[in-house]
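Single-structure report; data block below.
The values are calculated or read from the model by the stated rules, or taken from the named source; none is laboratory data. Everything numeric here is computed off the predicted structure, so don't read it as measured data. We place every Cβ from the backbone using ideal geometry, glycine too, and count neighbours over all the protein chains shown.
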């Protein structure tokens, strides 16, 4: 039976049905956005709480035993964030060419960090020094040309000229490792940042973290370095800048064989990044890191008391104050372990980048440990052309038919999970949903609410309306608009046993004017109270942070808040579902005993998750709901934003499980959306 029946009458609160001019009418009114910083400030509060918990842990370190126990603790918590590492498989390394230079040789190397997943690299080998020599793994920042970027050639060559063997490799999505090739061997996502986000966001559906993939590449790079008899295993360093500083930091926390490290232009604090509205790539945001009371300092603490120098910049967007905070946190730990001089901070005077002054600080630090050189300045350098350093014939490993992409692994993992996953229903489904969404305990109290002043005529299909800010958590509000025959300036009128709650896709304000489903619901249920809501971060609380007009950009506010929420252990989608559940409680308190829950697009997805968890929901209508997360996980060019992807969902269930369950609540689906439809208006 259809969830929307033929109407018995047309209520007088309805305006004439929307014409083709309705979208234009919607555009005539400026969008409402009365709570633009609400979600940002909620996130900052939670980040500060996490930092305070971490500081309490650090303050409890009083003696050597405490310090040693703390190092073990951070190593264990880091492992929880990054998940189990893969099994080590044959590197299948090969040298594809070499370049003889004055005092050193560059070998072009390809090795496999996973079966069929090749890594392109350059090995810089001194030729005028007695062997063995200290080895350094170099990791690149977000340069489009990866290891060939001038700054990264510079430190690798500079190390080689001073007596170090340096292996520098291309990160995923950069250099010779584009994951999304198009004609002309270019990246159809532009490479680097955009590729990381496209691949990394998708990985979360199958319960994996792109940062683990980056880290594993670095661990296998170290494995390859140690296969070389020229390398002294007593001296093993790691360094990198920006995104490479990230990888250096994560490698410090995940690998115990390093003897020294120099992360550049990354180490700060999670709080400074959150407060400064600084987005970061998917691999730079470890799941549950802040929920486990970790901060950047803890990834370096995992190496304590081995030598580490933090390289920062005074004019960097990675806040130098966070570098100073990190040093203050680590000094007492290193002091208790008897090696206070092993933790240092250098702040260069210029802007973001592995510039000469920071490279020289790294050389001096490594030299003080290895005594391989007494140089204090960078030797003369010769920057090679990109093509000269390529390890592949055409500059892209993807031209090899045997080379796999991150997506191919995501797809394979999704298919394996589908084959082993048993259908869920009833209490088991509800338990799984609460676990995946990380919903907080349900409060016993009814949400408080504000009655917002009228914004004048909004051309809604009713004579009157009122908008209520329903407090779903402290300082967080869902914006709920009640349509009515009369103008409303007070609390919602009572009397209607049944209510319709419409959850918006992008904006309840705009969709009340222009969305045909709203008209259909009003027509079908003329005697029901009608409400439309924006969950947090949508419509009336759409964030205006991270710069101008950044909401859905790859590094935009929606992505930024999703990544922060993931690190806090509160998935953004789960927060939105929580808003719906609290509004349903509020509606019950208004006297509505039976709710018809409807939603469109992103709102339909959140409504689908909320409906099985609310006994008040008697009927469900979903328009443009996602068909399945499996389809997203197995579609290379999917187009659903990070905020709508639930981490680890495919390890337990998929949306068809929910839809089957909702058949008992008269589910009606209208025009479902597939994997490529999620960014539609």
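(1) in contact (Cβ under 8 Å) with a residue 24 or more places away in the chain; (2) assigned to a helix (DSSP H, G or I); (3) not assigned by TED's automatic domain parsing to the domain that holds residue 258: which one isn't true of residue 367, the others all being true?
(3)
Give 347, 397, 343 a once-over and let me know the one that is surrounded by fewer than 20 Cβ atoms within 10 Å (Cβ to Cβ) and either over 25 Å from residue 99 (Cα atoms) or in contact (Cβ under 8 Å) with a residue 60 or more places away in the chain (or both).
When all the criteria are applied, what remains is 347.
Which condition number in (1) touching a strand residue (DSSP E or B) at 6+ places or on another chain (Cβ under 7 Å); (2) surrounded by fewer than 24 Cβ atoms within 10 Å (Cβ to Cβ) is the one that residue 280 fails?
(1)
Which of the following residues is more than 24 Å from the chain's Cα centre (by Cα), closer than 20 Å to residue 35 by Cβ and exposed (fewer than 15 other Cβ atoms within 10 Å of the Cβ): 453, 482?
Exactly one of 453, 482 is more than 24 Å from the chain's Cα centre (by Cα), closer than 20 Å to residue 35 by Cβ and exposed (fewer than 15 other Cβ atoms within 10 Å of the Cβ), namely 453.
Output the residues belonging to the range 156-172 that are under 19 Å from residue 113 (Cβ atoms) and either free of Cβ contacts under 8 Å to residues at least 12 places away in the same chain or assigned to a loop (DSSP other than H, G, I, E, B) (or both).
Within the range 156-172, 170, 171, 172 meet the criteria.
If you go through the range 283-292 one residue at a time, do you hit one that is under 21 Å from residue 69 (Cα atoms) and crowded, with 24+ Cβ neighbours inside 10 Å?
Yes.
Of the residues 50, 26, which single one is crowded, with 19+ Cβ neighbours inside 10 Å and modelled with pLDDT under 95?
One residue alone meets the criteria, 26.
Go over the candidates 354, 334 one by one and state the one that is over 19 Å from the mean Cα position of the chain (by Cα) and farther than 25 Å from residue 214 by Cβ.
The conditions single out 334.
Does residue 237 fit the bill of being touching a strand residue (DSSP E or B) at 6+ places or on another chain (Cβ under 6 Å), farther than 15 Å from residue 299 by Cβ, surrounded by 24 or more Cβ atoms within 10 Å (Cβ to Cβ) and assigned by TED's automatic domain parsing to the domain that holds residue 128?
So residue 237 passes the test.
For the range 536-558, indicate whether the set of residues that are in the same structural domain as residue 444 (by TED's automatic domain parsing), more than 27 Å from the chain's Cα centre (by Cα), closer than 20 Å to residue 655 by Cβ and assigned to a loop (DSSP other than H, G, I, E, B) is non-empty.
No, the conditions are met nowhere in the range 536-558.
Considering only residues of the range 240-259 that are buried (at least 24 other Cβ atoms within 10 Å of the Cβ) and in contact with a helix residue (DSSP H, G or I) (Cβ under 6 Å, 6 or more places away or on another chain), which is nearest to residue 89 (Cα to Cα)?
251
Identify, please: which residue in the range 492-508 is surrounded by fewer than 18 Cβ atoms within 10 Å (Cβ to Cβ) and touching a residue at least 60 places away in the same chain (Cβ under 8 Å) and is, among those, nearest to the chain's Cα centre (by Cα)?
In this case the residue turns out to be 498.
Can you find even one residue in the range 215-223 that is part of a loop (DSSP other than H, G, I, E, B), touching a strand residue (DSSP E or B) at 6+ places or on another chain (Cβ under 6 Å) and over 19 Å from residue 395 (Cβ atoms)?
Checked against the condition, which is being part of a loop (DSSP other than H, G, I, E, B), touching a strand residue (DSSP E or B) at 6+ places or on another chain (Cβ under 6 Å) and over 19 Å from residue 395 (Cβ atoms), the range 215-223 yields no hits at all.
Does at least one position in the range 246-255 carry a residue that is at pLDDT 95 or above and not in a helix (DSSP H, G or I)?
yes
Here are 387, 471: which of them is outside any loop (DSSP other than H, G, I, E, B), more than 20 Å from residue 649 (Cβ to Cβ), out of contact with any strand residue (DSSP E or B) (no Cβ under 7 Å at 6 or more places or on another chain) and modelled with pLDDT of 95 or more?
387
With respect to residue 167, determine if the residue is farther than 22 Å from residue 643 by Cβ and out of contact with any strand residue (DSSP E or B) (no Cβ under 9 Å at 6 or more places or on another chain).
no
Does residue 175 count as part of a loop (DSSP other than H, G, I, E, B), assigned by TED's automatic domain parsing to the domain that holds residue 280 and touching a helix residue (DSSP H, G or I) at 6+ places or on another chain (Cβ under 8 Å)?
Yes: the conditions hold for residue 175.
Tell me, yes or no, whether the range 1-18 has at least one residue that is modelled with pLDDT of 95 or more, in contact with a helix residue (DSSP H, G or I) (Cβ under 7 Å, 6 or more places away or on another chain) and surrounded by fewer than 14 Cβ atoms within 10 Å (Cβ to Cβ).
Within the range 1-18 (the criterion being modelled with pLDDT of 95 or more, in contact with a helix residue (DSSP H, G or I) (Cβ under 7 Å, 6 or more places away or on another chain) and surrounded by fewer than 14 Cβ atoms within 10 Å (Cβ to Cβ)), the answer is no, since none of the residues qualifies.
Taking only the range 606-658 into account, find how many residues are part of a helix (DSSP H, G or I), in contact with a strand residue (DSSP E or B) (Cβ under 9 Å, 6 or more places away or on another chain) and within 26 Å of residue 497 (Cα to Cα).
The number of residues fulfilling the criteria is 5.
Kindly indicate whether residue 621 is closer than 11 Å to residue 662 by Cα and assigned by TED's automatic domain parsing to the domain that holds residue 656.
It is true that residue 621 is closer than 11 Å to residue 662 by Cα and assigned by TED's automatic domain parsing to the domain that holds residue 656.
Rundown of residues vs (1) in a strand (DSSP E or B); (2) touching a strand residue (DSSP E or B) at 6+ places or on another chain (Cβ under 6 Å); (3) at pLDDT below 95, yes/no style:
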| residue | (1), (2), (3) |
| --- | --- |
| 434 | no, no, no |
| 442 | no, no, yes |
| 450 | yes, yes, no |
| 461 | no, no, no |
| 465 | yes, yes, no |
| 479 | yes, yes, no |
| 482 | yes, yes, no |
| 487 | no, yes, yes |
| 490 | no, no, yes |
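Can you tell me which residue among 284, 247 is under 23 Å from the mean Cα position of the chain (by Cα) and over 17 Å from residue 85 (Cβ atoms)?
Just one listed residue meets the conditions, 284.
When only residues in the range 591-605 that are in contact with a strand residue (DSSP E or B) (Cβ under 8 Å, 6 or more places away or on another chain) and assigned to a loop (DSSP other than H, G, I, E, B) count, which is farthest from residue 432 (Cα to Cα)?
592
Farther than 26 Å from residue 150 by Cα, surrounded by fewer than 19 Cβ atoms within 10 Å (Cβ to Cβ) and in contact with a strand residue (DSSP E or B) (Cβ under 8 Å, 6 or more places away or on another chain), is that true of residue 324?
yes
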